[in-house]
Structure formats: structure tokens, C-alpha cells
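Notes for the one structure printed next.
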Amino acid sequence: MKKSLSILLALGCASGAAPDLNAAAKKAAPKRPAKPAQVGPRINENQATPVARIRAPKGFKVELVYSVPGVDQGSWVNLGLDNKNRIIASDQFGGLYRFPAPKPGKPVDPKSVKKIPVDIRAVNGILWAFDALYVAVNDYERKIDSGLYRITDSDGDDELDKVEKLRAMEARGDHGVHALLLSPDKKSIYMICGNNADLTEAQTSRVPRVWGEDHLLESMPDGRGHNRGRLAPGGIVYKISPDGKDWEIVSSGYRNIFDGAFDRDGELFTYDADMEYDFNTPWYRPTRVNHVTSGSMYGWRNGAGKRPEWYSDTLPPVINIGPGSPTGVTFGYGAKFPARYQNALYILDWSWGKVYAVHMKPDGAGFKATKEDFITGSPLPVTDAIIHPKDGAMYIAIGGRRVQSGLYRVTYEGDESTAPVKHKPAKSKQVSLRHNLEKLHTGDHKDAIAKAWPHLDNADRFVRWAARTAVMHRPASEWENKALKEKNSGRQVEALLGLAKVAGVDPLHRSADHQPDVNLGRKISAALAKIDWGKLSDEQRITLVRAYQIVFNRFGHPGKGGAEAVLDQLTPVFPAPSFELNWVLCETLAWLQSPSVAYRTMNLIDSALTQEEQMQYARSIRFVKIGWTTGLRERYLNWFLKAANYRGGASFAKFIEFIRNDAVASIPADEKEKLKEVLARKPVIKSPLELLAEAMVGRSYVKEWKLDEIAAVAEKGLKNRDFANGRKMFAAAGCFACHRFGNEGGMMGPDLSGAGGRYNARDLLDQVVNPSKEINEQFVPIVVTRLDGTSETGIVTNLSGDGVTLNTDLFDPNQRVSVDRKQVRSIEPSKISPMPEGLLNMLNEKEILDLTAYILSGGNAKNAMFRQ
């Protein structure tokens, strides 16, 4: 019985099919010793989430200091401080409220919470500066204009009474006008905007205003219609003068950034949203912390057009966080916390009920980071956080979308010192170099090319970006010939990519009097074709191929001779060793109608370990019209039958449908007749057990591995392992189905990309062998028990008013249950991990060791820790 159960569980994860969480909880219950029912705090419909359901690190205390009366004061989404350090809070669909911070150990006096008597509503950003309260309004009920307002005290009676609209802005939905920040030099204001805030007039821009979609192959809109037609530049960070007249674009390409924060050295960070409909597609991008550098662009485009973080014309995040709904951002400066927490960046996730502490370290001209669950609860729809300068406490608001709102105070009562940390300014040559290059992004710097050009091939990606941006701000006529004749290949690929951007014309922006210079486009293509592939690093190779894509998109086809030169250069190197290179190579060769791309890509699809890889290759060849045989066509069409059983976000099935529709439309009529039978086949939607069995064909039960047994072997045997086989085992054991690793994999379990920095071999294996021993708090299902005794187990995915929506199947976003909060007796974390036991029991010792080494090394076979 134990052996068959182990096989079934191993099959369950290997297929990528997640267990129904309700069913899993019920089935798992008999395995555990009987215990009295755990009954959590009774839900009070007029009270915010009880502190008993909130967790914090050892030594920290969380207090609920105010439950917001929703009928009178709404649902709070923003916090700020005025000139007397009184707290200001905003109702998402109402007005502003002001009150003094409560005394230590005491709650907020309800009588002290006063509405600010001005005609303003729907404030998403609060900033006291220049003797005024500046607010950012995002009113998608359209009762007043969205935009930037200034509120002042006109008669000196300590009562704000005058409202000035400094700039009206067009915004739609939640992705609109958001936070306001005071600049580090205290001379200007920064505004954070999501991708549904229309581009507003700006006198200057640090981002070259040549944004476009830059898709070589026609992109696919979101399958459910979300933001169809919404184009670049996406979300923007603006810098604004105090009078609201002078605007500058600092950074762009975000999906939905809600807030940001400056560190003590003046570096700005923000927390951007994912698109949950994209789960398990190759273009899915997790929520992430981004470093807002001058002229930066972070690659949001609608539908399937989002740029992966390794694209040369976007920048990578500081850290990927996972699925969620980003809201507030603040540093811990001024908090009476231990040193580690004073320096942390705190980011808030509304849907998962998390406050993360992000611990950053300089990394060249940028940063790298680790994250820690700081405050967690369920439901805990956190919206904003501030550090109060008087008591050194953190105040956190929950609310939004008319859910029950509340204010919490977080203090430290542990044994560690809370003395203020002395700041040590960052001293890095790479950071200084980046800053000097960024000075060339505004103003008329005739020496910009001479200063920036030598750094186009800098090993640091942020320095290269700053250098290329400086060059792109100069007229193309000043550096066109230099780029075409450059002898340094690394510099040339960067320069030519930049030239294609500034001299070309995106098809969506063309008009009768605004057309590209086709001859220049062919010159750029010819220059790229002469570059020696063998002398480039992998990053530079991606830049070269990406430059081709932008040239072809912005200038058009390079002509027969030009196309042949490109094919001669790229065909011999496809397939490449990495998915990233294959991504851009496959797209480019497909666009050029390479005679061999269909055959080579079908072989890649057949050998790809993840559905993301398969899906990317399948969409790349959907317009290819040559090089097909009937057998190849059948293999391609049969893949769609297989993919019908893949799982992903809410738009996943539609994306598969779009790819197939395009592929079928590309088949000539006479060939369709030959493929009539295959085209008529309907996918067989298989049961989980059938999928499980297919996924493990050729594998058999090995043994029930015990932690002590396998850990002892692993601690001695991880040198010189077979990393290729480790990756295969990562797929065979179903790890890709739930876990992100590098740029692929699911998001319903912890990201394992940095596992080597968190676990040793024994700890990692313990997590796999005993998944319910210690469940990662971000992925703990909750058990919601109603007043009538019935219960639901799942992950909170949405809140609205009194409704709590649970996803009860991690891989089926449509399997949801809505629970009325007023009918809930208790909400408790589940004791059962959604990750099944027995995952290693289908692997032999060598396979387990290869898998363990692969995970702990970060997939890097050159990692010195795993070599003799």
C-alpha cells in the first residue's frame, strides 16, 4: 500500500498536475494523529484581521491599533505624514483622514481621526513637501480628474482648505496614477504611474522617446482581452517641479508600480506587478523589485509581448519575488528595529497578504537581494506602510476594493540592539561610472559620444545601458558611421541596436511623412552580419540577434542578399546551447523563412523539458511556410493536442488556441487536404491519473528514501555531478511544474533559483522528503471554516468587499470558491503542504545526487563548490 501510494504521489507532481487542495486536505487528514479541531478567532465583520492570524519574526510585536469603520471612513490604501508627523490616510473611493500616532501600547483614539475638509477623493499618493500636501488622484469612478493636486492651509489655522489641480491626467482602473516621493535633494517630486495612466506631456525625458513594440513576429494580445491595444511606453516614473509645471520622464516599461522608495544614497527602487493570466507561459514575469536608474526601461508590453529580463533592450530586476499584487514600498530608515531591518526595503503584497523585507547588497553598478517574509497573514490585504519618526514604529494599512480596513503597528521587543545604524555611503567605481554616464542623459552634451562610447562593452549591464542611452540622446548623424565601422564587436552590437532604435520607425508610428530609411536599415543589417559570432559572449550574441529583430521591425526586410547574409551567419549556430539564445534565433530565422527552421525547431520542441520552452518554439514557427514535410506538419499539429492538457494562467488555453490558429492559417490549401484527418482531431482531455502515468513511462518505483540515508550520501557526493541529467530530473520529478528556476518554471512554489544560498544538501532534501514539516509561509494554503461547519482549503486570490476568493487547485486558476466573510468562523493555515510526499521515490541515487547538485549550484556547472 505504501509503495503504490508513493508511486501515485510521485506521478502526481511529475505530471505538473496539482492536487485539489480541498481533496488533499481531506485525504491527508487520516494520516495524522487525531487532534482537537483548531478554531481560530471568530470573524467580526466590523473588525480588521485579528492579530492572532498575523505572523512576524521573533522579537517583533504586531498590534491592531485601529479598525476602520467602513461606512464612515471607507477602505484605506495610502498612508503619509504631515508637517507635524500626524498620520494621513486615504480612502480608495473617498476622502482623506488625519490623526496623531497613538501612544506606545495604546490604540488610535477613534475621536482623533478627522476627515480633512477638502474636495478631494481617490488619493493613491500622499506627500507633504514645500509647505503643502501633494496628492496623486486615481479616480476610476471619474468623479474628479485623476492627476496631481496640491492642498494647502490658506489662512494658517492648521486646517487644510485649498485644493489646486496642478495637472489633470487620464487614467483607467487600478493601473493608474499612484505614489508621490520627495527627491533625495528635496528639490522635486517623483510620481509613480502604472501602465493605464496615459503618457502626459513632459518637457524632457531621460528615456529616449523612441519606444515601440519591437516584436519581430506578430505578438498575441491577452486571451481574455486585458489591456488589448495598450502600447508602449507602459508605466512611467516622472520627476516634477514643486509648481507642477516641469515634468521629466525618468524611467518606463512598468506594468503596475504602486509605490517606490529612495535609499540613503539616492537610488530609487519600485515593486512591479506580474500578470497572473500568463502563469506558465514563456513570457510570464513574476512580481519584482526594480532599480529605477536614469533612462531605464523594464520591458512591459501587452499580451505575449512582454520582454524577458535577459533581452538586451530591457533591464533585469534586483530580485524576482513571485506571484502577487504589489502595493506599498518603504525603507526601514528610522525604525527602532535591529540593524538588518533598519536597512531593509519593505514591499507589500496585497493579494497574498505579505510584507517582505528585502535585503539588498551592491552588485557592480546595481544591486542583488534576498527576500524574507516579514509580516504575513490571511487575509491581510496590505496597502501601505510608513515608519513613524517619533516612535520608530512601522504602521501598516490594510484595505482596498472596499474590504475591511485597519491600521497595525509593528514594534520590536526582542534582545537585539535597535540603535540607529550609521550610514556608510556606497563607494563603487561602477556606480560612480554609471552616475557620470547618467549625467549625459539630459542637456546638450556634445562630448557625450566620446565619454560614453568606450563603455558600450562594459561587463556591467547597468553601465552598458547608461552608456548606450547617453549615445542615443545624441543626433544619430553624429555617430551613425562610427557605429557601422566600429571594430570592437562588443561595442558595435550595442551601438547598432541603439542606432536601429533611434533611426528606425516602429510600424505603429509610421505615417506618410514619417518612414524609415530602408538603405540605412540594410547597412545596419550588413554590419551585424560581418561580426564574428565566435568572438562574442552569449550576452553579446543575444544583443546581436535582438539588434537584427529591431532592424527588421523598424526598417523592414533586408532584401534577398541581406537576408542570405544573415541566414549564413545564424543558421549554423541554431540550435544553441541555451534557451535564451534559441528563443531569439528561432524567431529571427522563422521571420526570414529559413528552409531548415521548421525541422530544427520541431526537434527542439520534442526534446524540451518544460512547457514554457515548447510553447515558445511553437509560437515562433507558426508563420513559417517553407521547409515543411507532411510528417513535420503532423508532429506540429499533434503537439497542440498534447498542449491542450498543459496548465497555466487564465489566458493560457487561449494563447495555445491563438498559436494553433496562426499555424493552421499558414498551411497551403493543398497541404490542408493531406492533413485533413490530423486537423480534425480534437484534444483528449485526460484525467490526472492518465497524465501521471504517461509522464512517468519508463520509470519505476526505486525505494522509499529516508532523509538520513540520502542526505549522508549527498553531503559527500555532490562534486562533478551530471548537470544535464540534474536538469532532466528537475523536470522528471515535476519541479518545473511548481517552481521557478532561472527564467522558466511555475510560480506556485518557492523560487529555487537561489536555493544554494538558503539551503545545504540536507536541508534541501529535508524539504523534499518531508514537505509538510515546514511549509514556506508564502505558499501555505488556508482552511476557511464557515459558521455552519463546512470548510474550504486553498490560496486567497482576491478580496472584494466582504468576499474572499480561494483558488482550490494551484494549477487551475478557474477553480475558485468565493466565501462570504460574514459567514466565516475561522481562518487557519493548513498543516498540509500542497507539495506531495514521495517525490524522490522514483529516482535512483545517482539521479537524486545530480538533481541536488543542479539545484544547489543554481544550474551552473562552473560553480566552484561543485567541482573538484
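FYI, it's all coordinate maths here, none of it is from the lab. Please read all numbers here as calculations on a predicted model, not as lab measurements. We place every Cβ from the backbone using ideal geometry, glycine too, and count neighbours over all the protein chains shown.
With K and R counted +1 and D and E -1, the other residues having a Cβ less than 12 Å from that of E218 yield a net charge of -1.
Would you work out which of G377, L851, L752 lies farthest towards the positive end of the dipole of the chain? Charges go on Cβ: Lys and Arg +1, Asp and Glu -1. The Cα lying farthest towards the positive end belongs to L851. About its Cα centre, the dipole of the chain is roughly 1380 debye, where the only charges are +1 on Lys and Arg Cβ and -1 on Asp and Glu Cβ. For the range 168-321, the equivalent ellipsoid derived from the Cα gyration tensor has semi-axes of 25, 17, 14 Å, listed largest first. Of interest is the spacing of the C-alpha centroids, which for the range 410-467 and the range 91-156 amounts to 34 Å.
Once C-alpha pairs closer than 8 Å and six or more residues apart are averaged by separation and normalised to the residue number of the chain, the relative contact order reads 14 percent.
Can you quote the Å³ per residue value for the convex hull of the Cα atoms in the range 588-698, rounded to an integer?
Details: hull volume 12.5 nm³, N = 111.
Value for the range 588-698: 113 Å³ per residue.
Charge tally around V329: other residues with Cβ under 10 Å, Lys/Arg +1 each, Asp/Glu -1 each, net -2.
Look at the alpha carbon pairs under 8 Å that are at least 6 residues apart: their mean separation over the length of the range 250-298 gives a relative contact order of 44 percent.
Give me the net charge of A344's neighbourhood, meaning all other residues with Cβ under 10 Å from the Cβ of A344; Lys, Arg count +1, Asp, Glu -1.
Numbers: positive: R340, K371; negative: E372.
It works out to a net charge of +1.
Protection proxy ranking for 490-500, 657-667, using the average of other Cβ atoms within 10 Å per residue and placing the highest first: 490-500, 657-667. When Cα extents along the principal axes in Å is computed from the coordinates, the matching label among (i) 78, 78, 56; (ii) 115, 66, 46; (iii) 121, 69, 48 is (i). Phi angles of the range 799-806 translate, via the Karplus equation with coefficients 6.51, -1.76, 1.60 and θ = phi - 60°, into HN-Hα couplings of 9, 7, x, 9, x, 10, 9, 10 Hz per residue; Gly and Pro are given as x.
Sparsely packed loop sites in the range 126-222 (the trypsin sites (Lys or Arg not before Pro) outside DSSP H, G, I, E and B with at most 15 other Cβ atoms within 10 Å) comprise R142, K143, K186, K187, R209. If both residues of a DSSP beta bridge must be in the chain, then about 95% of such bridges are antiparallel. Please identify the trypsin sites (Lys or Arg not before Pro) of the range 366-456 that satisfy two criteria: DSSP loop assignment and at most 15 other Cβ atoms within 10 Å. Which are they? When the trypsin sites (Lys or Arg not before Pro) of the range 366-456 are filtered for loop state and at most 15 Cβ neighbours within 10 Å, K390, K422, K427, K446 remain.
Each Cα pair under 8 Å and six or more residues apart adds its sequence gap; the mean of these over the residue count of the range 460-521 is a relative contact order of 30 percent.
Loop only by DSSP, 13 or fewer other Cβ within 10 Å of the Cβ. Give me the trypsin sites (Lys or Arg not before Pro) in the range 52-81 that pass, ordered by residue number.
Of the trypsin sites (Lys or Arg not before Pro), the ones in loops of the range 52-81 whose Cβ has at most 13 other Cβ atoms within 10 Å are K58.
Put +1 on the Cβ of each Lys and Arg and -1 on the Cβ of each Asp and Glu in the range 450-507; which of H455, V493, W479 then has its Cα farthest toward the positive end of the dipole? Comparing the listed Cα positions along the dipole, H455 ranks first.
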